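Data first, discussion second: the structure below is written as structure tokens.
The values are calculated or read from the model by the stated rules, or taken from the named source; none is laboratory data. Predicted model, so just to flag it, every value in this text is computed and none were measured. Virtual Cβ from ideal backbone geometry, glycine too; neighbours counted across all protein chains shown. We work out accessible area using only protein heavy atoms, side chains counted, and drop any ligands, DNA or RNA first. Shrake-Rupley method; radii C 1.70, N 1.55, O 1.52, S 1.80 Å.
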Amino acid sequence: QVQLVESGGGLVQAGGSLRLSCAKSGPTITMYTRGWFRQAPGKEREFVAGINWSGDLTYYADSVKGRFTISRDNAQNTVYLQMNSLTPEDTAVYYCASGALYGTQNHNEFGYWGQGTQVTVSS
């Protein structure tokens with residue numbers, strides 16, 4: 001079965017950077033988008049970024065555009081989220097997801113999820 005494992009979360013000061021990784025194991029899911037979502041306490045899970053199978057197309061939530069960059073290494077079955085200029089509003093549990101078609105921001109359309117990694121940005 002497909003498993004997604006996130007890493008790289010932690011505590012960082014406002015203005016700092018973090019790089020999240022999401023390693024996939026199990027059967028190959030070809031042609032599917034992989035994405036990142038986040039969920040802050042008391043809030044809905046929200047889309048952050050997505051990347052297509054080949055890695056040449058990406059899309060972002062407006063709130064992170066210009067600060068976050070998603071990338072993937074298919075040889076390593078890993079997707080990354082480089083997060084720069086972090087603010088306290090970015091504090092959340094970040095989840096890696098896979099299995100949706102390119103362009104979707106609806107978490108219900110992603111069939112595979114990691115366990116999440118906590119990102120905390122202090123002011």
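Kindly check whether there is at least one residue in region 6-22 that is basic (Lys, Arg) and at pLDDT below 95.
Taking every residue of region 6-22 in turn, none turns out to be basic (Lys, Arg) and at pLDDT below 95.
So which pairs qualify, if the first residue must be in region 84-104 and more than 14 Å from Gln118 (Cα to Cα) and among the aliphatic types (A, V, I, L, M), the second must be open to solvent by 10 Å² or more (accessible area, probe 1.4 Å) and part of a helix (DSSP H, G or I), the Cβ gap must be under 6 Å, and the two must be at least 6 apart or on different chains?
From residues that are more than 14 Å from Gln118 (Cα to Cα) and among the aliphatic types (A, V, I, L, M), the pairs are Ala100/Glu109.
Of the residues Gln118, Gln76, which single one is open to solvent by 50 Å² or more (accessible area, probe 1.4 Å), under 18 Å from Gly16 (Cβ atoms) and not β-branched (Val, Ile, Thr)?
That would be Gln118, the only listed residue that is open to solvent by 50 Å² or more (accessible area, probe 1.4 Å), under 18 Å from Gly16 (Cβ atoms) and not β-branched (Val, Ile, Thr).
Conditions tested, residue by residue: (1) touching a strand residue (DSSP E or B) at 6+ places or on another chain (Cβ under 6 Å); (2) over 13 Å from Val5 (Cα atoms).
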position: Asn77; (1), (2): yes, no
position: Gln82; (1), (2): yes, yes
position: Leu86; (1), (2): yes, yes
position: Cys96; (1), (2): yes, no
position: Asn106; (1), (2): no, yes
position: Phe110; (1), (2): yes, yes
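Give the residues of region 79-109 that are touching a Gly at 6+ places or on another chain (Cβ under 9 Å) and open to solvent by 50 Å² or more (accessible area, probe 1.4 Å), sorted by residue number.
Hits for region 79-109 are Asn84, Ser85, Tyr102, Gln105, His107, Glu109.
Suppose the filter is in contact with a Leu (Cβ under 6 Å, 6 or more places away or on another chain) and open to solvent by less than 30 Å² (accessible area, probe 1.4 Å); does Val2 pass it?
No.
State yes or no: is Leu11 under 15 Å from Thr117 (Cβ atoms), of a type outside the set (Asp, Glu) and open to solvent by 50 Å² or more (accessible area, probe 1.4 Å)?
yes
Filtering region 14-23 down to residues that are open to solvent by less than 50 Å² (accessible area, probe 1.4 Å) and outside any loop (DSSP other than H, G, I, E, B), which residue is farthest from Val79 (Cα to Cα)?
Among them, the one singled out is Leu18.
When you look at Arg72, is it over 18 Å from Pro27 (Cα atoms) and of a type in the set (Lys, Arg), yes or no?
So Arg72 fails the test.
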